[in-house]
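Chemist: Here's a structure for you.
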Amino acid sequence: MEPRHAVKGLLVTTANAVWQGGVVATMANAIAAPYGAIEDGAVAARNGRIAWVGRRADLPADFAHAETIIHDIGGCVLTPGLIDCHTHVIFAGDRSAEFEARLGGISYEAAARAGRGILSTVAATRAATEADLFATASPRLRRLMADGVTTVEIKSGYGLTMTDELKMLRVARALGAENRVRVRTSLLAAHAVPPEYAGRADAYVDHIVQEVLPAAAHAGLCDMVDAFAESIAFTNAQVDRVFRAASRLGLPVKLHADQLADNGGAALAASHGALSADHLEYTSEAGVRAMAAAGTVAVLLPGAYATVGASQPPPVAAFRAHGVPMAVATDANPGSSPLVSLLMAVNLAACLFRLTPEEALAGVTRHAAAALGLSAEIGTLEVGRAADMVVWPVRHPRELAYWMGGVCPQAVYIEGQSAR
Ligand code: DI6
Ligand code: FE
């Protein structure tokens with residue numbers, strides 16, 4: 001097998017390595033125990049891939065020879081590397097004044113309509129250089145990584161011109177190249193109607209479909225295409241056009257859907273076979289059924305729910321009843337979710353949406369991988385997956401949902417190599 005160079009700074013190794021001496025929370029569906037956990041378990045990796053998982057007592061002899069590097073995890077919990085599958089960490093400026101005004105009673109939509117909102121971040125982001133954006137996004141990314149995040153999705157969407165959307169995506173690629181983390185990018189040109197297209201949303205969608213999307217795709221800058229379907233953003237018909245253009249270019253899609261009202265966004269996403277539909281506070285039973293049939297993941301964003309002062313949680317019981325996988329993400333952004341801790345999102349998903357700790361942890365591992373189309377690669381500790389793993393100084397995996405801050409990884413590995 002060829003050595004892999006996916007993540008910066010990792011030494012190419014052919015050595016075998018074993019992690020043992022604690023609870024292995026595989027998060028794999030195939031293991032019936034809660035968290036897919038194996039007590040006194042062991043994980044063996046070869047060339048950065050998981051080669052064996054099981055009880056330590058059953059470790060095959062070919063991993064027990066002298067060249068194998070043994071990591072004793074000292075009674076800790078080993079999980080898959082965490083995956084933040086929905087972020088907007090690249091932006092300039094901040095919206096703390098809008099936050100203050102909203103606490104004073106102005107709604108998120110009213111702030112957006114008054115020209116605060118997304119468009120104020122667009123103005124700041126357009127004025128910023130690539131170097132500025134890299135410099136301000138880097139500490140946010142490092143904060144996420146400090147929580148054991150080994151894969152992060154990053155969206156554009158604060159540029160809204162060809163130049164500025166591509167600028168954001170280049171910064172996202174640079175962040176991935178310069179940090180020991182996997183970065184997946186989403187083009188979110190359909191995030192808001194830019195001021196130069198005010199009242200001409202269809203003309204802006206033409207520009208996205210005919211120019212921005214093909215340019216981003218041909219430059220290899222976007223892995224997925226996202227859009228914001230909402231009364232303050234784009235209609236379903238406009239999103240439909242963006243998604244059809246994405247499909248023609250072979251790019252998977254995902255959608256900000258039903259956050260502020262039931263617009264049929266979940267069903268729209270499902271009709272395009274979207275990887276995920278995100279937010280979903282107002283999604284109807286019909287929308288949930290459509291997602292189940294299409295295999296679309298529900299990405300729950302409790303940071304946005306809390307920050308905009310929402311009162312209707314997403315239909316978690318219906319997602320459970322219909323078997324829709326639920327992911328959890330930060331939605332890190334300057335307006336609706338200034339949250340840069342994925343573990344805090346896990347806690348909030350449990351406290352605000354009543355996810356079980358196991359569901360919340362699956363939401364940032366197995367199901368988050370599916371929301372990025374990476375199930376075969378990451379998200380569980382199973383043979384063949386990348387050896388992206390976190391050692392946590394806790395006795396039980398439920399503690400990752402229980403603590404409100406304060407749990408720091410003891411060690412983080414990407415493809416079997418220390419990522420710190
Ligand atoms: N939904 C969100 O949560 C972010 N974008 C979106 O479509 C919020 C973006 C912002 O307020 O800046
Ligand atoms: Fe978002």
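Chemist: Would you point out the residue of the range 271-292, among those that are open to solvent by less than 10 Å² (accessible area, probe 1.4 Å) and more than 16 Å from ligand 1 (Cβ to nearest atom), that is nearest to residue 321 (Cα to Cα)?
Modeler: Across the range 271-292, the extreme among qualifying residues is 288.
Chemist: Considering every residue within the range 76-86, establish whether at least one is open to solvent by 10 Å² or more (accessible area, probe 1.4 Å) and either touching a Ser or Thr at 6+ places or on another chain (Cβ under 8 Å) or in a strand (DSSP E or B) (or both).
Modeler: No: zero hits.
Chemist: Taking the range 41-71, which residues are more than 30 Å from the chain's Cα centre (by Cα) and on the phi > 0 side of the Ramachandran plot?
Modeler: Within the range 41-71, no residue meets the criteria.
Chemist: Residue by residue through the range 214-229, note down the ones that are of a type outside the set (A, V, I, L, M) and either over 21 Å from the mean Cα position of the chain (by Cα) or on the phi < 0 side of the Ramachandran plot (or both).
Modeler: Matches in the range 214-229: 214, 218, 222, 223, 226, 228.
Chemist: Of everything in the range 72-95, what is more than 24 Å from the chain's Cα centre (by Cα) and either β-branched (Val, Ile, Thr) or within 18 Å of residue 304 (Cα to Cα) (or both)? Give them in sequence order.
Modeler: Of the residues in the range 72-95, the ones more than 24 Å from the chain's Cα centre (by Cα) are 72-76.
Across the range 72-95, the qualifying residue is only 73.
Chemist: Within the range 205-263, work out how many residues are touching a residue at least 40 places away in the same chain (Cβ under 8 Å) and of a type in the set (Phe, Trp, Tyr).
Modeler: 2
Chemist: Only one residue in 296, 283 is of a type in the set (Val, Ile, Thr), farther than 18 Å from residue 373 by Cα and away from ligand 2 (no atom under 12 Å from the Cβ), so which one is that? Before you say what the answer is, go through the steps one by one.
Modeler: Working: 296 fails: farther than 18 Å from residue 373 by Cα.
It is 283.
For (1) over 28 Å from residue 387 (Cβ atoms); (2) within 16 Å of ligand 1 (Cβ to nearest atom), each residue gets a yes or a no:
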position: 130; (1), (2): yes, no
position: 136; (1), (2): yes, yes
position: 140; (1), (2): no, yes
position: 161; (1), (2): yes, no
position: 176; (1), (2): no, no
position: 181; (1), (2): no, no
position: 194; (1), (2): yes, yes
position: 201; (1), (2): yes, yes
position: 207; (1), (2): yes, no
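Chemist: Related question: Looking at residue 256, is it in a strand (DSSP E or B) and surrounded by 17 or more Cβ atoms within 10 Å (Cβ to Cβ)?
Modeler: Yes; evaluated as a whole, the condition is true for this residue.
Chemist: For a quick check of your reading: which helices (runs of 4 or more DSSP H) sit entirely within the range 293-400 and have at least 3 residues that are over 19 Å from the mean Cα position of the chain (by Cα) and surrounded by fewer than 19 Cβ atoms within 10 Å (Cβ to Cβ)? Steps first, please.
Modeler: Details: elements: 302-307, 316-322, 342-353, 357-363, 366-371.
Once the helices (runs of 4 or more DSSP H) in the range 293-400 are filtered for at least 3 residues that are over 19 Å from the mean Cα position of the chain (by Cα) and surrounded by fewer than 19 Cβ atoms within 10 Å (Cβ to Cβ), what remains is 316-322.
Chemist: Would the range 316-332 turn up any residue that is within 23 Å of residue 407 (Cβ to Cβ), among the polar types (S, T, N, Q) and in contact (Cβ under 8 Å) with a residue 24 or more places away in the chain?
Modeler: Within the range 316-332, one or more residues are within 23 Å of residue 407 (Cβ to Cβ), among the polar types (S, T, N, Q) and in contact (Cβ under 8 Å) with a residue 24 or more places away in the chain.
Chemist: Which of the residues that make up the range 324-334 are in contact with a helix residue (DSSP H, G or I) (Cβ under 6 Å, 6 or more places away or on another chain) and either away from ligand 2 (no atom under 16 Å from the Cβ) or under 24 Å from residue 120 (Cβ atoms) (or both)?
Modeler: Within the range 324-334, 324, 325, 326, 330, 331, 334 meet the criteria.
Chemist: Now for a separate question. So residue 207 passes all but one of these: (1) open to solvent by 20 Å² or more (accessible area, probe 1.4 Å); (2) under 17 Å from residue 274 (Cβ atoms). Which condition number does it fail?
Modeler: (2)
The values are calculated or read from the model by the stated rules, or taken from the named source; none is laboratory data. Every value quoted in this text rests on a predicted model; they were computed, and no experiment measured them. Quick reminder, even Gly has a Cβ in these numbers, built from the backbone with ideal geometry, and neighbours come from all protein chains shown. The area values use the complete protein model at the heavy-atom level, side chains included, leaving out ligands, DNA and RNA. Shrake-Rupley method; radii C 1.70, N 1.55, O 1.52, S 1.80 Å.
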